[in-house]
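Below is one structure, written out as structure tokens; comments come after it.
The values are calculated or read from the model by the stated rules, or taken from the named source; none is laboratory data. Computed from a predicted structure; not experimentally measured. Positions of Cβ are backbone-derived with ideal geometry, glycine not excepted, and every protein chain shown enters the neighbour counts. Ligands, DNA and RNA are stripped out before the accessible areas are found, and what is left, the full protein with its side chains, is counted by its heavy atoms. Shrake-Rupley method; radii C 1.70, N 1.55, O 1.52, S 1.80 Å.
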Amino acid sequence: VTELPPFSHLQLTPLPKVVVGGHEVRGGRLRDHADRMWKESRAISPDLLEAASAALDAADSRIRPGTCLPASPRILKFVEEPWAPFDATARQAVARLRQDIESFRMENDLGHVVVVNIASTEHLPREPLPQQWHELDSLLDTAAWPALPSSSIYAIAAFEANASYINFTPSLGATPAAIQQLALSRRLPHAGYDGKSGETMLKAVLAPMFAARHLHVSSWVGHNILGNLDGWVLQDATHKEPKLRSKDHLVGEVLGYAPQSLVSIEFIESMGDWKTAWNHIHFEGFMSTRMAFQFTWQGCDSILAAPLVIDLARLAERAHRDGEYGPMPWLSFFFKSSPTPVPQDFASQWDALTAWSESKKVSRSTAGATPSTLDRHS
Ligand SMILES: NC(=O)c1ccc[n+]([C@@H]2O[C@H](COP(=O)([O-])OP(=O)(O)OC[C@H]3O[C@@H](n4cnc5c(N)ncnc54)[C@H](O)[C@@H]3O)[C@@H](O)[C@H]2O)c1
């Protein structure tokens, strides 16, 4: 997206200048994981993989052990020693991850770091988090405090390391009010949550059509099958719950009423990295005549998601360069949900994104920017 003409004046970081590092809880070389994109999914050609092997090895050398706090039985099934050292408290995990992010910035002589959460979908915490940062902060030392998920521990570490934070998953991340306060106090931008790369993107395009033609939608059913590790994790009902919620709210918000809806996600191993989404939409036309619309989307999950992650990192860096901080609702184009209310139809979200880009033509610098910066775009 960021290579399109509406963004050409933004002077975004050129791709060769982007350095990739990260945290993982599984072993294995990136090059071998990438090879499976050919061997199992026929998605990236062997000559391209060969050409990228040195870059993959270099990125591997910048990957550090992540945290699994609080441990989920599903994730622990594939965690490998020494990739998730034991962290006695969330504070200990934050300190370790923060140190890694700061070292990554210094060792690679980087202007800014954007932390993007693309880890497996977590289950939702079973107890509410405190609303105020000082209250949450004081709980970080509590051993065995299960309420704070890893994605939020990474978000806190990112902000404490002066990095921006993007949540590409339906996990909690920086969504809790207390963690948003931390981002504001550190004057750092963040966005999320859950990348909109396939079926939900189509819902954001199609639901406004039914609304504009005053065609009443009676029901919207979406069945999804996929075969990668993400799908395997989502087999667990507690991990699937946030994903189902994330995929299901958009249609009702666009239409202004809630048709009967059903979203299912099933793991079918033979699909590899491919995902099929079949949707059946039952709607009523003139004189309540019932009609149906169906579509089948067959997408390669990683091929759809990876360029969006690159777009988001470049755009977040640009916002930070201009002193913008707080939530970035103009990035809702890329997400299924947002921590702040945003219009859910695709065209409005595209307009918000391009309006933000256009605003950079008139004001090249926003020194002394305001929080929620993006009030003016919301
Ligand atoms: N099209 C897409 O691929 C797409 C679209 C929207 C959202 N997402 C979300 O992005 C996330 C990643 O999707 P994926 O298909 O790349 O999944 P994946 O299973 O291929 O990759 C997830 C990785 O996260 C690692 N991991 C798990 N827990 C971790 C932790 N605590 N710390 C560090 N690493 C951890 C796993 O070892 C794995 O390598 C999922 O939450 C998914 O729902 C993906």
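The residues of the stretch 28-54 that are closer than 30 Å to Ile156 by Cβ and either assigned to a helix (DSSP H, G or I) or touching a Pro at 6+ places or on another chain (Cβ under 9 Å) (or both), listed by number, are Leu30, His33. Of the residues Ala51, Ala58, the single one that is surrounded by fewer than 17 Cβ atoms within 10 Å (Cβ to Cβ) and farther than 30 Å from Gln298 by Cα is Ala58. Ala211 meets the conditions (1) buried (at least 17 other Cβ atoms within 10 Å of the Cβ); (2) within 23 Å of the chain's Cα centre (by Cα); (3) among the small types (Gly, Ala, Ser) in every case but one. The failed one is (2). Checking Ser120, Ser164, Ser138 one by one, the residue that is open to solvent by less than 20 Å² (accessible area, probe 1.4 Å) and either more than 16 Å from the ligand (Cβ to nearest atom) or over 30 Å from Gln294 (Cβ atoms) (or both) is Ser164 and no other. Within the stretch 24-37, being more than 21 Å from Ile303 (Cα to Cα) and buried (at least 16 other Cβ atoms within 10 Å of the Cβ) holds for one residue alone: Val25.
Of the residues making up the stretch 129-155, those that are of a type outside the set (Gly, Ala, Ser) and within 18 Å of Ala71 (Cα to Cα) are Leu129, Leu139, Leu140, Asp141, Thr142, Trp145, Pro146, Leu148, Pro149, Ile153, Tyr154. Checked against (1) part of a helix (DSSP H, G or I); (2) free of Cβ contacts under 8 Å to residues at least 40 places away in the same chain, Thr340 meets all criteria but (1). Taking the stretch 277-295 as the range and being under 19 Å from Asp248 (Cβ atoms) and surrounded by fewer than 17 Cβ atoms within 10 Å (Cβ to Cβ) as the test, the residues that pass are Trp278, His280, Phe293, Gln294, Phe295.
Residue count for the stretch 214-249 under the criterion of being open to solvent by 40 Å² or more (accessible area, probe 1.4 Å) and touching a strand residue (DSSP E or B) at 6+ places or on another chain (Cβ under 8 Å): the result is 8. Looking for something among the polar types (S, T, N, Q), within 12 Å of the ligand (Cβ to nearest atom) and not in a helix (DSSP H, G or I) - is there at least one such residue anywhere in the stretch 218-233? Checked against the condition, which is being among the polar types (S, T, N, Q), within 12 Å of the ligand (Cβ to nearest atom) and not in a helix (DSSP H, G or I), the stretch 218-233 yields at least one hit. Restricted to the stretch 167-190, and to residues there that are of a type outside the set (Gly, Ala, Ser) and under 22 Å from Glu241 (Cα atoms), the residue that is farthest from the ligand (Cβ to nearest atom) is Pro176. Considering the stretch 155-205 alone, what residues qualify as being of a type in the set (S, T, N, Q) and on the phi < 0 side of the Ramachandran plot? Within the stretch 155-205, Ser164, Asn167, Thr169, Ser171, Thr175, Gln180, Gln181, Ser185, Ser197, Thr200 qualify.
In this structure, is Glu80 within 16 Å of the ligand (Cβ to nearest atom), touching a Phe, Trp or Tyr at 6+ places or on another chain (Cβ under 9 Å) and among the acidic types (Asp, Glu)? No: the conditions fail for Glu80. Could we say that Pro130 is under 27 Å from Ile310 (Cα atoms), in contact (Cβ under 8 Å) with a residue 12 or more places away in the chain and of a type outside the set (A, V, I, L, M) here? Taking the combined requirement at face value, the residue does not satisfy it. Within the stretch 191-208, being more than 16 Å from the ligand (Cβ to nearest atom) and open to solvent by less than 10 Å² (accessible area, probe 1.4 Å) holds for one residue alone: Ala207.
Residues checked against (1) out of contact with any His (no Cβ under 7 Å at 6 or more places or on another chain); (2) in contact (Cβ under 8 Å) with a residue 24 or more places away in the chain:
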{"position": "Gly22", "(1), (2)": "yes, yes"}
{"position": "Gly27", "(1), (2)": "yes, yes"}
{"position": "Arg31", "(1), (2)": "yes, yes"}
{"position": "Ala34", "(1), (2)": "yes, no"}
{"position": "Leu48", "(1), (2)": "yes, no"}
{"position": "Asp60", "(1), (2)": "yes, yes"}
{"position": "Arg64", "(1), (2)": "no, yes"}
{"position": "Cys68", "(1), (2)": "yes, yes"}
